[in-house]
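What follows draws every value from the coordinates through simple rules; no lab data is involved. All values reported here derive from a predicted model rather than from experimental measurement. Virtual Cβ from ideal backbone geometry, glycine too; neighbours counted across all protein chains shown.
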Amino acid sequence: MSKGSGLSVGIVSDCPLQRHLMKTAITHAGYEVRYCREPDRFLQDTALPEEPDAWILMLKDEGRWAQVSDLFLENAESPILFADEEAPNRQGSEYDYWQRRLIRKLENLVGTPGQPPLLVDSPSEVQAAPAASGSKAVHLAMPEYLKPATADDKVEKVVLLVASLGGPAAVKAFIDRLPPQIPAGFIYAQHIDSSAAQVLVRVLGRHGNYPLHYAQNGEMLRHNRVLVVPIEQELCFNPAGQIKLLDRPWPGPYSPSINQIMLNVGDHFGARTLVIVFSGMGEDGAQAAPLLKAYGASIWCQNSESCANSSMVDAISATGCVDFRGTPEAMAEKLLKSMESETLIQRRNLSKGQ
């Protein structure tokens with residue numbers, strides 16, 4: 001839908017006081033509040049008058065309104081700000097700080113009222129990818145010759161999922177297609193604001209076979225879950241394969257650094273590494289791609305047409321290091337087929353060696 005000339009915001013929250021305070025603060029800053037509803041009214045609305053420039057979603061009872069979070073991730077055409085910081089009392093000293101923080105996030109996301117809107121959005125926020133056509137995705141079947149893995153089996157293959165702007169919806173579409181017990185360990189690095197990280201983890205792991213789990217110092221990579229890379233600390237692996245959280249932030253302008261996590265994973269797992277790059281803004285990852293290929297790793301990228309923002313996948317593809325491009329659903333299917341093929345080759349080689 002076409003948007004008006006001013007910068008507009010839509011608010012969905014299950015708390016009347018929070019809706020009022022957010023609307024007041026946003027309007028005072030010069031934004032137009034085009035939509036302000038409780039979750040049940042949002043679900044009842046069959047059509048919105050216009051898609052706003054940005055959405056703010058705040059659900060205190062997230063379990064009750066899980067359907068709302070899913071709808072936003074799957075269908076919103078504008079960036080989404082998941083708010084998990086309640087507005088304090090307007091008479092208190094912390095209110096001004098909360099208001100400035102909220103407005104600063106909106107300015108980073110869509111621009112400042114009275115100025116031209118941003119052509120791209122901040123990679124530290126969440127944006128949903130365009131909705132996929134057709135019915136809701138169903139899990140693929142485990143290939144016949146791919147042996148299911150238990151949580152206690154040693155991880156031999158590592159799949160590193162990296163994403164920025166527009167990535168959460170794409171990663172969710174990928175994870176939701178996978179059958180349980182794939183013999184691979186999954187690691188997920190996402191450019192995102194720390195205030196939205198916990199909400200994102202809960203939303204993305206809700207319907208898939210792989211719950212999302214924040215990395216803990218000293219633990220081993222395991223099957224049947226997705227290890228989420230922390231935002232504040234750099235993650236690497238010690239020689240025994242244990243996760244090591246370093247006492248330092250990620251290098252570079254983005255957290256986590258996709259360049260650095262690609263190198264850290266490749267440094268330990270080498271040719272057993274598959275990196276899958278999803279929607280994102282900027283060129284994070286392009287510098288590390290040739291070095292990762294030198295380890296013998298594989299790199300896949302989401303195709304440009306299915307991305308909310310394709311600059312990151314296009315930059316990495318331009319290095320000549322990408323082996324496959326497709327939609328998130330196509331990459332899930334490709335992963336199963338390639339792993340089955342690898343299993344058959346290993347069996348054939350073992351048979352020849354006997």
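Points to keep in mind about this one:
- Counting only alpha carbon atoms, the long axis of helix 194-204 and the longest principal axis of the chain meet at about 60°.
- Full extension of the chain between ASP70 and ARG101 gives 8.6 nm of extra length, using 0.36 nm per residue less the Cα-Cα distance.
- Relative to the longest principal axis of the Cα atoms of the chain, the long axis of helix 167-177 makes an angle of roughly 50 degrees.
- Cα gyration tensor shape for segment 257-354, rounded if a/c is under 1.5, else prolate or oblate: oblate
- Rg [Å, one decimal], Dmax [Å, integer] - segment 158-348, C-alpha atoms: 15.2, 50
- Cβ-derived FRET efficiency at R0 41 Å, HIS139 paired with GLU85, nearest 0.05: 0.75
- Reachable aspartates and glutamates, given that their alpha-carbon falls under 14 Å from the alpha-carbon of LYS23 and they are not under 8 places away in the same chain: ASP14, GLU32, GLU38, GLU86
- Relative to the globular-protein estimate of 2.2 N^0.38 Å, the Cα radius of gyration of segment 229-309 stands at 1.12.
- Least to most buried among HIS28, HIS223, HIS191 (fewest other Cβ within 10 Å first): HIS28, HIS223, HIS191
- Among the listed pairs LYS60/LYS157; LYS154/LYS337; LYS105/LYS293, those beyond 30 Å (Cα-Cα): LYS60/LYS157; LYS105/LYS293
- Built amide H within the under 5 Å cut-off of PHE237, gap 5+: LYS244
- Modelled FRET efficiency - R0 30 Å, GLU342 with ARG225, Cβ distances, 0.05 increments: 0.90
- In terms of its C-alpha gyration tensor, segment 302-345 comes out oblate, because a/c is 1.5 or above while a/b does not outweigh b/c.
- Against the chain, whose longest principal axis comes from its Cα atoms, helix 16-28 is set at around 80 degrees.
- Among ASP14, ASP247, a tally of other beta-carbon atoms within 10 Å of each Cβ gives an order, fewest to most, of ASP247, ASP14.
- Three principal axis lengths of segment 8-119 [C-alpha, angstrom, descending]: 36, 33, 18
- Scaling the Cα radius of gyration of segment 175-282 by the globular reference 2.2 N^0.38 Å produces a ratio of 1.03.
- Dipole-positive endmost among SER8, GLY92, THR24 within segment 8-119 (Cβ charges, Cα centre): GLY92
- Under 5 Å from the amide H of LEU161 lie the amide H atoms of ILE187, TYR188, ALA189, ILE276, each residue being 5 or more positions distant or on a separate chain, with H modelled from the backbone and absent for Pro and chain starts.
- Ranking of SER304, SER310 by neighbouring Cβ atoms within 10 Å, starting from the fewest: SER304, SER310.
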